[in-house]
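S.K.: Following this message is one structure expressed as structure tokens.
The values are calculated or read from the model by the stated rules, or taken from the named source; none is laboratory data. Nothing here was measured: the structure is a model prediction, and the numbers come from that model. Cβ coordinates were reconstructed from backbone atoms using ideal geometry, including for glycine residues, and neighbour counts include every protein chain displayed. Remember, those area values only see protein heavy atoms, side chains included, never the ligands or the DNA or RNA. Shrake-Rupley method; radii C 1.70, N 1.55, O 1.52, S 1.80 Å.
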Amino acid sequence: MIDLGTNAKNTWCTGCGNFAILSAIKAVINELAAEGLPIENVVLVTGIGCHAKIVDYVNVNSFYSLHGRVIPPATGIKIANPHLKVIGHSGDGDAYGEGIEHLIFAAKRNIDITAIVHNNRVYGLTTGQYTPTSPEGYKGRSTPSGTKEMPMNPLEIMLASGATFIGRGTSGALASLKKMLKEAIAHKGFSIVDILQTCVTYYNMYDYYDKRVYELKDHDPYNYDQALGKIREWDYNKDANIPIGVFYKKESPVFEESFKASGNGDHNRDDIIKKILSKSA
Ligand code: SF4
Ligand code: MG
């Protein structure tokens with residue numbers, strides 16, 4: 001067991017759902033390392049927000065990017081060195097607001113990276129403004145009378161965009177979250193896991209999720225229509241039950257391999273690095 005902790009002081013609010021995600025990702029990295037994945041091949045990429053502090057608390061290679069821009073550096077890192085396991089952490093404002101176009105194109109390309117969205121349905125770090133997944137009527141700093149917009153269903157967009165692994169977990173169901181994150185990271189192709197992560201300070205949804213969340217059973221993740229039906233069962237707004245689990249899976253060629261096969265990319269990476277180093281010496 002590798003100690004993946006750091007000396008950074010944890011500044012998340014007590015009870016924040018981010019703690020469960022931190023615990024899950026550390027456990028998964030440890031399991032993958034025990035199964036032979038070199039720890040130096042793991043790279044975490046974050047955007048900006050409460051979620052982003054996760055890279056301060058996990059002792060692996062990481063890249064702190066700009067708000068909404070997790071996917072571009074994650075894509076670049078993967079193309080530059082396809083041996084790496086590149087895992088992007090984003091918030092919901094980060095991924096589904098500023099960064100939605102990047103997610104769509106990552107899904108369309110089927111680049112072999114994993115997007116983990118800490119979906120607390122508010123902008124937590126900036127004190128509770130509404131995001132694309134806040135429900136209609138949500139009252140926050142920017143919408144004191146309640147937002148008039150309907151929330152979007154990001155997983156439906158991901159399915160339509162070509163994502164080859166789509167799952168949803170919650171910060172309240174740690175065992176299934178760990179299992180799904182491991183499956184998503186192992187998946188060859190673009191994987192996204194939307195995590196309903198409770199923000200205790202600005203949008204405490206523990207009771208709401210406790211009453212409605214259930215684990216998918218007898219679901220065929222290779223069936224597109226079944227996946228669409230389950231993804232649509234709860235629209236981030238209505239008072240319906242909320243399925244969690246792997247909605248969709250598909251095997252498809254991955255971008256970085258097609259990119260190389262077409263004559264692009266780096267065929268002699270080590271030689272090129274040696275050449276660059278010899279010039280700078
Ligand atoms: Fe967590 Fe919300 Fe506190 Fe941010 S503001 S650390 S999301 S509880
Ligand atoms: Mg958020």
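S.K.: Would you pick out the residues in region 126-160 that are open to solvent by less than 30 Å² (accessible area, probe 1.4 Å), over 18 Å from Y96 (Cα atoms) and polar (S, T, N, Q)?
M.R.: The answer is T143, and nothing else.
S.K.: Continuing with the same structure: Going by the conditions given, is A95 at pLDDT 95 or above, within 13 Å of the chain's Cα centre (by Cα), part of a helix (DSSP H, G or I) and over 16 Å from P132 (Cβ atoms)? Write out each step before concluding.
M.R.: Numbers: at pLDDT 95 or above: yes; within 13 Å of the chain's Cα centre (by Cα): yes; part of a helix (DSSP H, G or I): yes; over 16 Å from P132 (Cβ atoms): no.
Considered against the rule, which asks whether it is at pLDDT 95 or above, within 13 Å of the chain's Cα centre (by Cα), part of a helix (DSSP H, G or I) and over 16 Å from P132 (Cβ atoms), A95 comes out as no.
S.K.: Hey, G91 hits all of (1) closer than 16 Å to P154 by Cα; (2) of a type in the set (G, A, S); (3) touching a Ser or Thr at 6+ places or on another chain (Cβ under 6 Å) but one; which does it fall short on?
M.R.: It fails just one condition, (3).
S.K.: Can you name the condition, by its number, that D220 falls short on among (1) modelled with pLDDT of 95 or more; (2) under 18 Å from V117 (Cα atoms)?
M.R.: So D220 meets the others, but not (2).
S.K.: Listed residues L125, L196, L174, L181; which is closer than 17 Å to S90 by Cα and away from ligand 1 (no atom under 14 Å from the Cβ)? Reasoning before the result, please.
M.R.: Values: L125 fails: away from ligand 1 (no atom under 14 Å from the Cβ); L196 fails: away from ligand 1 (no atom under 14 Å from the Cβ); L174 fails: closer than 17 Å to S90 by Cα.
Criteria check complete, one pass: L181.
S.K.: While we're here: Given (1) under 17 Å from the mean Cα position of the chain (by Cα); (2) within 16 Å of ligand 2 (Cβ to nearest atom), identify the lone condition not met by L174.
M.R.: All conditions pass for L174, except number (2).
S.K.: Now a separate question. In region 157-200, which residues are closer than 23 Å to H83 by Cα and out of contact with any helix residue (DSSP H, G or I) (no Cβ under 7 Å at 6 or more places or on another chain)?
M.R.: If the condition is that a residue be closer than 23 Å to H83 by Cα and out of contact with any helix residue (DSSP H, G or I) (no Cβ under 7 Å at 6 or more places or on another chain), then T164, K179, M180, E183, A184, A186, H187, K188, G189 are the ones that fit.
S.K.: Now, a different point. Name every residue in region 199-231 that is free of Cβ contacts under 8 Å to residues at least 12 places away in the same chain and either within 16 Å of ligand 1 (Cβ to nearest atom) or open to solvent by less than 60 Å² (accessible area, probe 1.4 Å) (or both), in order of residue number.
M.R.: Once the filter is applied, which keeps residues that are free of Cβ contacts under 8 Å to residues at least 12 places away in the same chain and either within 16 Å of ligand 1 (Cβ to nearest atom) or open to solvent by less than 60 Å² (accessible area, probe 1.4 Å) (or both), region 199-231 yields N204, D207, Y208, N223, G229.
S.K.: Another question, if that's okay. Which of the numbered conditions does K188 fail, given that it passes all the others? Conditions: (1) at pLDDT 95 or above; (2) buried (at least 16 other Cβ atoms within 10 Å of the Cβ); (3) within 24 Å of K78 (Cα to Cα).
M.R.: Among (1) at pLDDT 95 or above; (2) buried (at least 16 other Cβ atoms within 10 Å of the Cβ); (3) within 24 Å of K78 (Cα to Cα), K188 violates only (2).
S.K.: Okay, moving on. Do you know which residues across region 107-124 are assigned to a helix (DSSP H, G or I) and either open to solvent by less than 30 Å² (accessible area, probe 1.4 Å) or within 13 Å of ligand 2 (Cβ to nearest atom) (or both)? Lay out the reasoning, then the answer.
M.R.: Quick first cut of region 107-124, residues assigned to a helix (DSSP H, G or I) only: 107-109.
Across region 107-124, the qualifying residue is only A107.
S.K.: Oh, and also: Using beta carbons and a limit of 7 Å, which pairs, at least six apart or on different chains, have the first residue in region 12-27 and more than 9 Å from ligand 1 (Cβ to nearest atom) and the second one of a type in the set (A, V, I, L, M) and open to solvent by 10 Å² or more (accessible area, probe 1.4 Å)?
M.R.: Sorted first by the residue in region 12-27, then by its partner, the pairs are A20/L174; S23/L174; A24/L174.
S.K.: Of all residues in region 58-73 being within 28 Å of T131 (Cα to Cα) and in contact (Cβ under 8 Å) with a residue 40 or more places away in the chain, which is surrounded by the most Cβ atoms within 10 Å (Cβ to Cβ)? Steps first, please.
M.R.: At the first step, the residues of region 58-73 found to be within 28 Å of T131 (Cα to Cα) are 58, 62-73.
So of that shortlist, the ones also in contact (Cβ under 8 Å) with a residue 40 or more places away in the chain come out as 58, 70-71.
Details: V58: 20, V70: 35, I71: 28.
Ranking the candidates gives V70 first.
S.K.: Take the residues of region 85-106 that are within 16 Å of ligand 1 (Cβ to nearest atom) and more than 30 Å from A33 (Cα to Cα): which is surrounded by the most Cβ atoms within 10 Å (Cβ to Cβ)? I'd like the intermediate steps shown before the answer.
M.R.: Taking region 85-106 and keeping what is within 16 Å of ligand 1 (Cβ to nearest atom), we get 89-97.
Those left that are additionally more than 30 Å from A33 (Cα to Cα): 93, 96-97.
Numbers: G93: 29, Y96: 25, G97: 18.
It comes out as G93.
S.K.: Looking at T147, T127, T133, which is the one that is within 24 Å of A173 (Cβ to Cβ), touching a strand residue (DSSP E or B) at 6+ places or on another chain (Cβ under 9 Å) and assigned to a loop (DSSP other than H, G, I, E, B)? Full working, then the answer.
M.R.: Working: T147 fails: within 24 Å of A173 (Cβ to Cβ); T127 fails: within 24 Å of A173 (Cβ to Cβ).
Only one candidate passes the filter, namely T133.
S.K.: Tally the residues that are within 16 Å of ligand 2 (Cβ to nearest atom) and open to solvent by 20 Å² or more (accessible area, probe 1.4 Å), restricting the search to region 23-57.
M.R.: The first filter runs over region 23-57 and keeps only residues within 16 Å of ligand 2 (Cβ to nearest atom), leaving 46-54.
Now restrict to residues that are open to solvent by 20 Å² or more (accessible area, probe 1.4 Å): 48, 50, 53.
The number of residues fulfilling the criteria is 3.
S.K.: Let me ask something else about it. Can A240 be described as free of Cβ contacts under 8 Å to residues at least 60 places away in the same chain and surrounded by fewer than 11 Cβ atoms within 10 Å (Cβ to Cβ)? Steps first, answer last, please.
M.R.: Values: free of Cβ contacts under 8 Å to residues at least 60 places away in the same chain: yes; surrounded by fewer than 11 Cβ atoms within 10 Å (Cβ to Cβ): no.
Here the answer is no, as A240 does not meet what is asked.
S.K.: Looking at I87, I79, I100, I104, can you tell me which residue is of a type in the set (A, V, I, L, M, F, W, C) and in contact with an Asp or Glu (Cβ under 8 Å, 6 or more places away or on another chain)?
M.R.: Working: I87 fails: in contact with an Asp or Glu (Cβ under 8 Å, 6 or more places away or on another chain); I100 fails: in contact with an Asp or Glu (Cβ under 8 Å, 6 or more places away or on another chain); I104 fails: in contact with an Asp or Glu (Cβ under 8 Å, 6 or more places away or on another chain).
Within the list I87, I79, I100, I104, the selection yields I79.
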